């Protein structure tokens, strides 16, 4: 049965249903309903909610819990996510599965609370040090927040890799009807690598450092193979009216929702546009977008940032078609009419009307 | 209200229950198997005292969940009146709590409905249900859903408090009656 739920609460409930029994976090708007919900529900679910003294502490608690093989999550918002970057790099190197939620707020600096997607570079290019990647899932509805959060834990366990669920403040705060259908998970191997008590078996070390350069390189090459595998296997996207589209918008999260309405408005004028929505920000769904390029005369990235994802779009388009940008920053969202106007100005070469 | 989609804005100061009546609309829309989104203003202004939420009810999948230009807006206090009157879509309706919002300059291209909901709520005996009275007024004049569905939503959201469900249902009906007699 459907129920109305805020996106943040839906993420928390989905995590519990996915078997997450440990949550560590430090509250920060607009993600606070995640720890709030966990603080209410985790104990009765047989788990532990712990409010850490800081985001730095929280991410290292995640490291510890993940290292012993537990399903663990933290949730935060951009400034807190920045504080966690060192931890993310360590989590990758130690190959500890975990799920991190970033309900973005605008920056740079303390930033406002309004919806934004300006963490795109940090999310997708490795915000911490070293060569690493987390898989980044970008839902665009409360239902998708449920579905992808459940799956995030499986993906994390499958690859022994961190998975980030990235949304903006509107998605975190918005209520939509959601359902929690039974979830058929992936087939997963037992966590024989976990430091879960060595009685009756050789001990396991879950560590991130290799001080000799030759070992450092061989480990990096091995991690590189995993990155390639994830890049090959985990690209996801969703399309709206793309089959006969001559122009494509590229947008994720809330900006994809706004763009969907802009697509409807342009279609009413007889202009063949569609929406290509990345569901994974990393790996970017380059195969799906490339497959559409032969039919496309022009693209427009719609973003709540100065234009970050547009760089990835341009890499894939590689000069084969013009790539425009429609953006708002600092917590503002464009009206669908603004997207329509930007499209007409930049890609049709004419102004409004 | 084009093509089966209605966009609402509910605004007032904290404690007037504007987020709640948005939730009632959203819950009712879900019960009616319509598509629906509900977004609260979640910025720092909530701590300063004003609150608002926007609701979209649609027959088809909802793209943009933001409401820049509501079809139907409700302002429970003067600050919200000043802030939102310009945003109502031409041909739309602005509901005003005339118990505390003075008769300010309006607009010719929208319908402005002034109802003293605080006073009506006071007559019912519970000042805090002014928001539900207004919900009844909105339902009487610009309905999107059936009366019964809204009452069902009110009852569901009252949870395990039957006396609250009863009070809210009475306030809702009082709003409907007032609108039919006086507006």
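The values are calculated or read from the model by the stated rules, or taken from the named source; none is laboratory data. Everything numeric here is computed off the predicted structure, so don't read it as measured data. We place every Cβ from the backbone using ideal geometry, glycine too, and count neighbours over all the protein chains shown.
As a summary of the residue check, residue A:127 satisfies the conditions (1) closer than 30 Å to residue A:69 by Cβ; (2) assigned to a loop (DSSP other than H, G, I, E, B); (3) within 14 Å of another protein chain (Cβ to nearest Cβ) except for the one numbered (3).
Determine whether region A:276-298 contains at least one residue that is out of contact with any helix residue (DSSP H, G or I) (no Cβ under 6 Å at 6 or more places or on another chain) and within 14 Å of chain B (Cβ to nearest Cβ). Scanning region A:276-298 turns up no residue that is out of contact with any helix residue (DSSP H, G or I) (no Cβ under 6 Å at 6 or more places or on another chain) and within 14 Å of chain B (Cβ to nearest Cβ). Counting only strands (runs of 3 or more DSSP E) that fall entirely inside region A:6-124 and contain at least 1 residues that are in contact with a strand residue (DSSP E or B) (Cβ under 9 Å, 6 or more places away or on another chain) and farther than 28 Å from residue A:283 by Cβ, the qualifying elements are A:48-51. Out of B:70, B:65, report the one residue that is more than 8 Å from chain A (Cβ to nearest Cβ), in contact with a strand residue (DSSP E or B) (Cβ under 7 Å, 6 or more places away or on another chain) and buried (at least 23 other Cβ atoms within 10 Å of the Cβ). B:70 is the lone residue from the list that is more than 8 Å from chain A (Cβ to nearest Cβ), in contact with a strand residue (DSSP E or B) (Cβ under 7 Å, 6 or more places away or on another chain) and buried (at least 23 other Cβ atoms within 10 Å of the Cβ).
Conditions tested, residue by residue: (1) within 14 Å of chain B (Cβ to nearest Cβ); (2) over 25 Å from residue A:138 (Cβ atoms).
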position	(1), (2)
A:4	yes, no
A:10	yes, no
A:17	no, no
A:39	no, yes
A:50	no, yes
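If only residues of region A:265-294 that are in contact (Cβ under 8 Å) with a residue 60 or more places away in the chain and over 20 Å from residue A:321 (Cβ atoms) are counted, the one that is surrounded by the fewest Cβ atoms within 10 Å (Cβ to Cβ) is A:265. Being in contact with a strand residue (DSSP E or B) (Cβ under 6 Å, 6 or more places away or on another chain) and free of Cβ contacts under 8 Å to residues at least 12 places away in the same chain is true for just one of A:314, A:327. Which residue is that? Unique residue meeting the criteria: A:314.
Here is a yes/no grid of residues against (1) assigned to a helix (DSSP H, G or I); (2) closer than 14 Å to residue B:32 by Cβ:
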{"residue": "B:136", "(1), (2)": "yes, no"}
{"residue": "B:153", "(1), (2)": "yes, yes"}
{"residue": "B:156", "(1), (2)": "yes, yes"}
{"residue": "B:159", "(1), (2)": "no, no"}
{"residue": "B:164", "(1), (2)": "yes, no"}
{"residue": "B:171", "(1), (2)": "yes, no"}
{"residue": "B:175", "(1), (2)": "yes, no"}
{"residue": "B:178", "(1), (2)": "yes, no"}
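Here residue B:51 clears all of (1) more than 14 Å from chain A (Cβ to nearest Cβ); (2) modelled with pLDDT under 95; (3) surrounded by 15 or more Cβ atoms within 10 Å (Cβ to Cβ) except the condition numbered (1). Please verify whether region A:242-249 includes one or more residues that are part of a helix (DSSP H, G or I), within 12 Å of chain B (Cβ to nearest Cβ) and touching a helix residue (DSSP H, G or I) at 6+ places or on another chain (Cβ under 8 Å). There is no residue in region A:242-249 that is part of a helix (DSSP H, G or I), within 12 Å of chain B (Cβ to nearest Cβ) and touching a helix residue (DSSP H, G or I) at 6+ places or on another chain (Cβ under 8 Å). Among the residues of region A:142-177, those identified as within 14 Å of chain B (Cβ to nearest Cβ) and surrounded by fewer than 24 Cβ atoms within 10 Å (Cβ to Cβ) are A:143, A:144, A:177.
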